[in-house]
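Presented below is the structure to which this report refers.
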Amino acid sequence: MEDVKKRKIEEASGNGEEISTYSEDHLRSLLDPLAKPQLVDLLAKLGCQYPSIAEEIKGVASADPVHRKLFVRGLAWNTSSDTLRAAFSEHGEIEEGAVIYDKASGKSRGYGFITYKYMESTQHALRAPSKLIDGRLAVCNLACEGLSGTSATLDLTQRKLYIGGLSPNVTSEMLLHFFGRHGDIEEGSVAYDKDTNESRGFGFVTYRTVEAAKKAIDDPQKTLGGRNIIVKLADSHKGRTVQAQLPPAMVPMALPLAAGYPQPGKAHAGATPVGYGYPQTVAAYPDSSYPSPPTAPYQAQSQIPYPYYIGKQ
């Protein structure tokens, strides 16, 4: 008990809290061997017990903007920065938010960024990553994750559907309402032309579960906007298009070779090929160097004996 009393000294203060006599280095040496889950549990308990520690944890967690910045994709071409900020302001105070525009054309590129003031606001927004903005279902995730966020999982190919044969009058809201009966939708929209903002006659729907996507494919009622629509996996539709562009298979064929040449895969016997005579060894040039080009090149060449070439007609 005496040792414990030496380590702690209670001083009278306004809040009645105990002031520790442990040095920072001593506490670090005690905390260093602990695993991350143990440290999280310890700080969580202290934060619930002492409000000042909770505020300190909140400040440290929100110091890095990486934990507060969201990447929002799937925006409509007419969605402005003000509309984007208004849609996400329900989760907390926004420090910065804007839609990204193309420098050359000045048109929206279909995505933007939201940076909250506090990390807890970002976490609250990520609990419901899908949000309907200007008739399109936009999706958000941490900006540091890029496109590898909410929907880029291993089973995405089994959850994302291609919807073809849509009427020009079908909007994204109608599309989401029609397919929402099979399950929760993570992302979905009608494909619009960037220049005319008119429907291109198809769209995409990504469910949260594979089971919901299978229900949508197996559903016999596939009539929307007065038209029979096509519902299938988006990956199979893309694969069919790519497969049609592949060149035909090349079949290897053996080509006949002229007589006198070795055949592939067979050892050459070493005999002289029939009908061909090999030239004899050519006399070597003298080692002396020429100070100037020869004046009679034809006489110099005539001194070199060339073998007589015998050929068969």
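The values are calculated or read from the model by the stated rules, or taken from the named source; none is laboratory data. Keep in mind that what you see is a predicted model, and the values were worked out from it rather than measured. All Cβ positions, even for glycine, are placed from backbone atoms using ideal geometry, and neighbour counts span all protein chains on display. Quick note on the areas: whole protein, heavy atoms, side chains included, nothing else; ligands and nucleic acids left out. Shrake-Rupley method; radii C 1.70, N 1.55, O 1.52, S 1.80 Å.
Return yes or no: is LEU147 at pLDDT below 90, farther than 30 Å from GLY226 by Cβ and within 17 Å of the chain's Cα centre (by Cα)? Before the answer, list the steps.
On the way: at pLDDT below 90: yes; farther than 30 Å from GLY226 by Cβ: yes; within 17 Å of the chain's Cα centre (by Cα): yes.
Answer is yes for this residue.
Candidates are the residues of segment 150-174 that are open to solvent by less than 40 Å² (accessible area, probe 1.4 Å) and of a type in the set (S, T, N, Q); the one that is modelled with the highest pLDDT is SER167. What residue, among those in segment 73-89 that are in contact with a Gly (Cβ under 8 Å, 6 or more places away or on another chain) and among the hydrophobic types (A, V, I, L, M, F, W, C), is nearest to SER108 (Cα to Cα)? Among those residues, the one meeting the criterion is TRP77. Count of segment 89-126 residues, restricted to those that are within 22 Å of the chain's Cα centre (by Cα) and among the basic types (Lys, Arg), is 1. Of all residue pairs spaced 6 or more apart or on separate chains, those with beta-carbon atoms under 9 Å, a first member in segment 119-135 that is assigned by the TED database to the domain that holds ILE94 and in contact (Cβ under 8 Å) with a residue 60 or more places away in the chain and a second member that is among the polar types (S, T, N, Q) and not in a helix (DSSP H, G or I) are MET119/SER62; GLU120/SER62. Residues in segment 234-250 that are open to solvent by less than 100 Å² (accessible area, probe 1.4 Å) and at pLDDT below 50 were compared, and the one that is farthest from the chain's Cα centre (by Cα) is ALA249.
Residues of segment 162-189 that are closer than 14 Å to ILE230 by Cβ and in contact with a Gly (Cβ under 6 Å, 6 or more places away or on another chain): ILE163, LEU166, SER167, VAL170, LEU175. Those helices (runs of 4 or more DSSP H) of segment 29-132 in which at least 2 residues are at pLDDT 90 or above and in contact with a strand residue (DSSP E or B) (Cβ under 9 Å, 6 or more places away or on another chain), considering only elements entirely within it, cover 81-88, 119-126. Cβ-Cβ contacts under 7 Å between residues 6 or more apart (or on different chains), taken from a first residue in segment 16-28 that is over 19 Å from GLN49 (Cα atoms) to a second residue that is modelled with pLDDT under 85 and β-branched (Val, Ile, Thr), are listed as THR21/ILE9.
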